[in-house]
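See below for the structure under consideration.
The values are calculated or read from the model by the stated rules, or taken from the named source; none is laboratory data. These numbers come from a predicted model, not from an experiment. We place every Cβ from the backbone using ideal geometry, glycine too, and count neighbours over all the protein chains shown.
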Ligand SMILES: C[S@@+](CC[C@H](N)C(=O)[O-])C[C@H]1O[C@@H](n2cnc3c(N)ncnc32)[C@H](O)[C@@H]1O
């Protein structure tokens with residue numbers, strides 16, 4: 001039933017806005033950590049809600065769902081593409097910022113390793129990767145937050161240490177924060193491209 005409800009872009013966006021209290025916490029996390037002037041790639045962009053924080057000509061969103069991308073292109077303009085994050089076909093060093101919002105907990109460790117490897121490729125040397133994902137159910141502190149995340153379609157909630165382990169081969173994590181929204185405890189990872197010594 002949850003899959004049927006979220007199958008529609010309109011319902012998906014409406015429910016997510018409601019559950020996330022108009023995304024207040026997520027929007028402030030993005031604004032505080034990512035310059036809106038650079039070229040931005042939003043991976044797992046869903047219905048494209050966060051494109052509103054960036055200049056139209058500087059933003060690209062990708063998602064594996066045809067329905068969500070169709071909705072996003074109708075509502076926010078044609079900057080959205082159906083693309084699997086495991087098979088991105090962007091040129092090297094194209095983006096100043098990459099966003100992954102509520103995306104990680106939908107992917108296995110193996111998939112994420114491939115995706116981080118590729119994000120490193122498409123990110124400029126001085127670029128930033130911003131990840132915002134709920135803390136796992138067992139670390140959510142109150143009943144409502146536990147209940148909501150337990151019914152999320154993503155099966156791979158991870159804690160700070162588990163996500164650090166996945167990121168460390170590719171990125172330096174310059175800051176980490178945890179913030180409560182009304183219905184979710186969110187963790188933020190701000191990552192810089194790691195330079196390898198020759
Ligand atoms: C919870 S939604 C988050 C959407 C959006 N970032 C937001 O916060 O509103 C997770 C999104 O990841 C997308 N997704 C899952 N696996 C993917 C993959 N391998 N490649 C691209 N998108 C994927 C889903 O289709 C879904 O839209």
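Numbers below:
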item: Subset of the range 23-58 (residues that are within 12 Å of the ligand (Cβ to nearest atom) and either exposed (fewer than 13 other Cβ atoms within 10 Å of the Cβ) or at pLDDT below 85 (or both)); result: 52
item: Condition met for residue 61 (assigned to a strand (DSSP E or B), buried (at least 21 other Cβ atoms within 10 Å of the Cβ), more than 13 Å from the ligand (Cβ to nearest atom) and modelled with pLDDT of 95 or more); result: no
item: Flag if residue 7 is touching a helix residue (DSSP H, G or I) at 6+ places or on another chain (Cβ under 7 Å), within 12 Å of the ligand (Cβ to nearest atom), closer than 17 Å to residue 103 by Cα and at pLDDT below 95; result: yes
item: Check on residue 167, within 15 Å of the chain's Cα centre (by Cα), farther than 17 Å from residue 42 by Cα and more than 16 Å from the ligand (Cβ to nearest atom); result: yes
item: Criterion violated by residue 38 - all others in (1) free of Cβ contacts under 8 Å to residues at least 12 places away in the same chain; (2) touching a strand residue (DSSP E or B) at 6+ places or on another chain (Cβ under 6 Å) satisfied; result: (1)
item: Tally, over the range 80-96, of residues that are within 14 Å of the ligand (Cβ to nearest atom) and either surrounded by fewer than 18 Cβ atoms within 10 Å (Cβ to Cβ) or not in a helix (DSSP H, G or I) (or both); result: 10
item: Single match in 126, 111 (criterion: within 12 Å of the ligand (Cβ to nearest atom), over 18 Å from residue 19 (Cα atoms) and not in a loop (DSSP other than H, G, I, E, B)); result: 111
item: Leading residue by the ranking (nearest to residue 31 (Cα to Cα)) among those in the range 97-108 that are assigned to a helix (DSSP H, G or I) and free of Cβ contacts under 8 Å to residues at least 60 places away in the same chain; result: 104
item: Residue in the range 161-182 that is surrounded by fewer than 13 Cβ atoms within 10 Å (Cβ to Cβ), in contact (Cβ under 8 Å) with a residue 12 or more places away in the chain and in contact with a helix residue (DSSP H, G or I) (Cβ under 7 Å, 6 or more places away or on another chain) present; result: no
item: Which numbered condition residue 121 misses (of (1) surrounded by 19 or more Cβ atoms within 10 Å (Cβ to Cβ); (2) closer than 20 Å to residue 193 by Cβ; (3) out of contact with any helix residue (DSSP H, G or I) (no Cβ under 8 Å at 6 or more places or on another chain)); result: (1)
item: Residues (over 16 Å from the mean Cα position of the chain (by Cα), within 15 Å of the ligand (Cβ to nearest atom) and surrounded by fewer than 12 Cβ atoms within 10 Å (Cβ to Cβ)) located in the range 129-160; result: 150, 151
